[in-house]
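Colleague: One structure follows; several queries about it will come next.
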Amino acid sequence: MIKRILCQIASICLVLLMFNGCSNLIENSENIRTSIDAHSSTVYAMDTVMELTVYGSEDILEKSENLIYELESEFSAMDTESDIYNVNHNGGGVVSSDTGELLKLALSLCERSEGALDISIYPVVQAWGFTSGENRIPSETELKELLQLVDYKAVRVDDNNNVTLVPGMEIDLGSVAKGYTGNRLVELLSENGVTNAVLNLGGNVHVIGTKPDGEAWRVAVTDPVGGGYAGMVEVVDKAVITSGGYERFFEQDGVRYHHIIDPTTGYPANNDFLSVTVVGSNGAVCDALSTALFVMGPDRATEFWKESNDFEAVFITSEGICITEGLEDVFSPLGDYQNKQVTVLYRD
Ligand code: AMP
Ligand code: MG
């Protein structure tokens, strides 16, 4: 009930929030809504506003909303009934098949990113107050102590989805949950015959097919400094997912502290990246990688991309925009960025 009321408030606020997200639809949302077969729904879940626009049967929207609420109730680290809360407070436990699948995927990406992504960073994120909203700067000693518990390699998930943590460890799927939820929604919609849809999960955009007119969807990438748009990508059947320090932060004594933590230091990742947008077919992988690449910084992230073949990226630094070669024909700079150089990274 509370969620439904929040949804109504959220619909009113959506127009404003569309300009605050990370990657956003650039299509005029009014046009989408008034198009003959388009059905839209706004959901408040996973600490964000989600807008689903589907071409086809309206009935599928309710199933989609229920799927989002179901996954949220399993993945949330705060909900006392959730799988993750249970695991964190009992040192382990059996989780649902979705939680088990997402955990295994997340752990494989922790490994692939050599720990830039680490789902056991949660106690450190809590110490900075990003879960409670009571932000503070933890002491060096506190961070050092908490970092001793951070080690994704110590998280075990067996074939029966039985999870085991070492004592004191806590995990969090915040870096991957929306991407996985997008994947599951795409699956549900596709199974139900939907061939054109756009799902904006708090700025993480997943598109199915093309726009109904056959054109690619145009998804904007937020300017991490000015708040407008830095550019847009034209995509079909893809997820476009952004991580950036501008999304959640606090300032103290003129210094900005954001929510993406470097597991080697316990401090917010501190490199030249202002944001990283990852474009690919698997939303959970894109979500994990946008967080991981943001932690790695430009040099390591570029090398990582060169060694990979499952994603493209838009890197924004104070110098400007860098895109990977697969986006060369589908990326266009917008606003102030039209006057700056866009560098293209090639695999050589
Ligand atoms: P995202 O917005 O997908 O980049 O995810 C950021 C969220 O993931 C943060 O709000 C934290 O809850 C969590 N997080 C922060 N740093 C890390 C990290 N290095 N590895 C995994 N999760 C992280
Ligand atoms: Mg992420």
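Colleague: Of all residues in segment 275-299, count the ones that are of a type outside the set (A, V, I, L, M) and either away from ligand 1 (no atom under 13 Å from the Cβ) or over 21 Å from E111 (Cβ atoms) (or both). Before you say what the answer is, go through the steps one by one.
Modeller: Step one: filter segment 275-299 for residues of a type outside the set (A, V, I, L, M), giving 275, 277, 280-283, 286-287, 290-291, 294, 297-299.
Subsequent filtering for residues that are either away from ligand 1 (no atom under 13 Å from the Cβ) or over 21 Å from E111 (Cβ atoms) (or both) retains 275, 277, 280-282, 298-299.
Residues in segment 275-299 being of a type outside the set (A, V, I, L, M) and either away from ligand 1 (no atom under 13 Å from the Cβ) or over 21 Å from E111 (Cβ atoms) (or both): 7 in total.
Colleague: Can you confirm whether G174 is assigned to a loop (DSSP other than H, G, I, E, B) and more than 16 Å from ligand 2 (Cβ to nearest atom)?
Modeller: Values: assigned to a loop (DSSP other than H, G, I, E, B): yes; more than 16 Å from ligand 2 (Cβ to nearest atom): no.
When the stated conditions are applied, G174 does not pass them.
Colleague: Within segment 245-261, can one find any residue that is open to solvent by less than 20 Å² (accessible area, probe 1.4 Å) and modelled with pLDDT under 95?
Modeller: yes
Colleague: I would also like to ask the following. Of all residues in segment 200-213 being more than 16 Å from ligand 2 (Cβ to nearest atom) and either among the basic types (K, R) or at pLDDT 95 or above (or both), which is surrounded by the most Cβ atoms within 10 Å (Cβ to Cβ)?
Modeller: Initially, segment 200-213 is screened for residues more than 16 Å from ligand 2 (Cβ to nearest atom), giving 207-213.
Imposing the further condition that a residue be either among the basic types (K, R) or at pLDDT 95 or above (or both) reduces the set to 207-211.
On the way: V207: 25, I208: 20, G209: 18, T210: 16, K211: 18.
Among those that are more than 16 Å from ligand 2 (Cβ to nearest atom) and either among the basic types (K, R) or at pLDDT 95 or above (or both), it is V207.
Colleague: Determine which member of the set P212, P167 is in contact with a strand residue (DSSP E or B) (Cβ under 8 Å, 6 or more places away or on another chain) and part of a loop (DSSP other than H, G, I, E, B). Write out each step before concluding.
Modeller: Values: P167 fails: in contact with a strand residue (DSSP E or B) (Cβ under 8 Å, 6 or more places away or on another chain).
Among P212, P167, only P212 is in contact with a strand residue (DSSP E or B) (Cβ under 8 Å, 6 or more places away or on another chain) and part of a loop (DSSP other than H, G, I, E, B).
Colleague: Among the listed residues L71, L67, identify the single one that is more than 16 Å from the chain's Cα centre (by Cα) and open to solvent by less than 30 Å² (accessible area, probe 1.4 Å). Step through it out loud before you land on a result.
Modeller: Details: L71 fails: more than 16 Å from the chain's Cα centre (by Cα).
On inspection, the qualifying residue turns out to be L67.
Colleague: Return a yes/no flag: does segment 211-223 have any residue that is closer than 24 Å to S243 by Cα and in contact with a Cys (Cβ under 9 Å, 6 or more places away or on another chain).
Modeller: Narrowing segment 211-223 to residues closer than 24 Å to S243 by Cα: 216-223.
Now drop any that are not in contact with a Cys (Cβ under 9 Å, 6 or more places away or on another chain), which leaves 221-222.
Yes.
Colleague: Another question about this same structure. Looking at segment 153-169, can you tell me whether even one residue there is surrounded by fewer than 19 Cβ atoms within 10 Å (Cβ to Cβ), within 16 Å of ligand 1 (Cβ to nearest atom), at pLDDT 95 or above and aliphatic (A, V, I, L, M)?
Modeller: The initial filter retains those residues of segment 153-169 that are surrounded by fewer than 19 Cβ atoms within 10 Å (Cβ to Cβ), namely 153-154, 156, 158-162, 164, 166-168.
Remaining after also requiring within 16 Å of ligand 1 (Cβ to nearest atom): 153-154.
Of the ones still in play, those that are also at pLDDT 95 or above are 153-154.
Within this subset, residues satisfying the condition of being aliphatic (A, V, I, L, M) are 154.
Yes, that holds for at least one residue.
Colleague: A follow-up question, please. Among the residues of segment 268-302 satisfying the criterion of being open to solvent by 40 Å² or more (accessible area, probe 1.4 Å) and not in a helix (DSSP H, G or I), which is nearest to ligand 2 (Cβ to nearest atom)? Give the steps one after another, and end with the answer.
Modeller: Looking only at segment 268-302, we keep the residues that are open to solvent by 40 Å² or more (accessible area, probe 1.4 Å), and these are 270-272, 274, 281-282, 299-300.
Still in the running and not in a helix (DSSP H, G or I): 270-272, 274, 281-282.
Details: N270: 18, N271: 16, D272: 19, L274: 16, S281: 16, N282: 13 Å.
Top of the filtered list is N282.
Colleague: Related question: Against the conditions (1) crowded, with 20+ Cβ neighbours inside 10 Å; (2) among the charged types (D, E, K, R); (3) more than 16 Å from ligand 1 (Cβ to nearest atom); (4) within 27 Å of K144 (Cβ to Cβ), where does E312 fall short? Just the number, please.
Modeller: Result: E312 passes all but (4).
Colleague: Moving on to the next point. What about S73, is it small (G, A, S) and modelled with pLDDT of 80 or more? If you could, list the steps in order and put the result at the bottom.
Modeller: Working: small (G, A, S): yes; modelled with pLDDT of 80 or more: yes.
Yes.
Colleague: Still on this structure, I have one more. State which residue is surrounded by the fewest Cβ atoms within 10 Å (Cβ to Cβ) when the search covers only segment 317-348 and only residues that are under 20 Å from W305 (Cα atoms) and of a type in the set (D, E). Don't jump to the end; show me each part of the working.
Modeller: Kept after step one, since they are under 20 Å from W305 (Cα atoms), are these residues of segment 317-348: 317, 319-331, 342-348.
With of a type in the set (D, E) added as a condition, the list becomes 319, 325, 328-329, 348.
Values: E319: 13, E325: 13, E328: 13, D329: 8, D348: 5.
Step by step, filter segment 317-348, then rank; the result is D348.
Colleague: Also, I was wondering about something else. Output the number of the condition that E234 fails; it satisfies all remaining conditions of (1) assigned to a strand (DSSP E or B); (2) free of Cβ contacts under 8 Å to residues at least 24 places away in the same chain; (3) among the charged types (D, E, K, R).
Modeller: Of the numbered conditions (1) assigned to a strand (DSSP E or B); (2) free of Cβ contacts under 8 Å to residues at least 24 places away in the same chain; (3) among the charged types (D, E, K, R), the odd one out for E234 is (2).
Colleague: With the structure loaded, tell me whether D272 is touching a Pro at 6+ places or on another chain (Cβ under 6 Å) and either among the β-branched types (V, I, T) or away from ligand 1 (no atom under 13 Å from the Cβ) (or both) or whether it fails that test. Before the answer, list the steps.
Modeller: On the way: touching a Pro at 6+ places or on another chain (Cβ under 6 Å): yes; either among the β-branched types (V, I, T) or away from ligand 1 (no atom under 13 Å from the Cβ) (or both): yes.
The answer is yes for D272.
Colleague: Among the numbered criteria (1) away from ligand 1 (no atom under 16 Å from the Cβ); (2) in a strand (DSSP E or B), which one does I241 miss?
Modeller: (1) is the only condition that I241 fails.
Colleague: Report, by residue number, each residue of segment 181-195 that is assigned to a helix (DSSP H, G or I) and either of a type in the set (S, T, N, Q) or open to solvent by 10 Å² or more (accessible area, probe 1.4 Å) (or both).
Modeller: T181, N183, R184, V186, E187, L188, S190, E191
Colleague: Could you say which residue among L185, L143, L199 is more than 23 Å from V94 (Cβ to Cβ), of a type outside the set (S, T, Y) and in contact with a Ser or Thr (Cβ under 7 Å, 6 or more places away or on another chain)?
Modeller: On the way: L143 fails: in contact with a Ser or Thr (Cβ under 7 Å, 6 or more places away or on another chain); L199 fails: in contact with a Ser or Thr (Cβ under 7 Å, 6 or more places away or on another chain).
Result of the check over L185, L143, L199: L185.
Colleague: Does T265 qualify as being at pLDDT 95 or above and open to solvent by less than 50 Å² (accessible area, probe 1.4 Å)?
Modeller: Numbers: at pLDDT 95 or above: yes; open to solvent by less than 50 Å² (accessible area, probe 1.4 Å): no.
No; evaluated as a whole, the condition is false for this residue.
Colleague: Also: Of all residues being in contact with a strand residue (DSSP E or B) (Cβ under 6 Å, 6 or more places away or on another chain), open to solvent by 50 Å² or more (accessible area, probe 1.4 Å) and assigned to a helix (DSSP H, G or I) in segment 83-133, which is nearest to T181 (Cα to Cα)? Just the residue, please.
Modeller: For segment 83-133, the residue satisfying everything is K104.
The values are calculated or read from the model by the stated rules, or taken from the named source; none is laboratory data. Not measured: the values here are computed from a predicted model. Note that each Cβ is placed from the backbone with ideal geometry, even for glycine, and that neighbours are counted across all protein chains shown. In case anyone asks, the SASA skips ligands and DNA or RNA and just uses the protein heavy atoms, side chains included. Shrake-Rupley method; radii C 1.70, N 1.55, O 1.52, S 1.80 Å.
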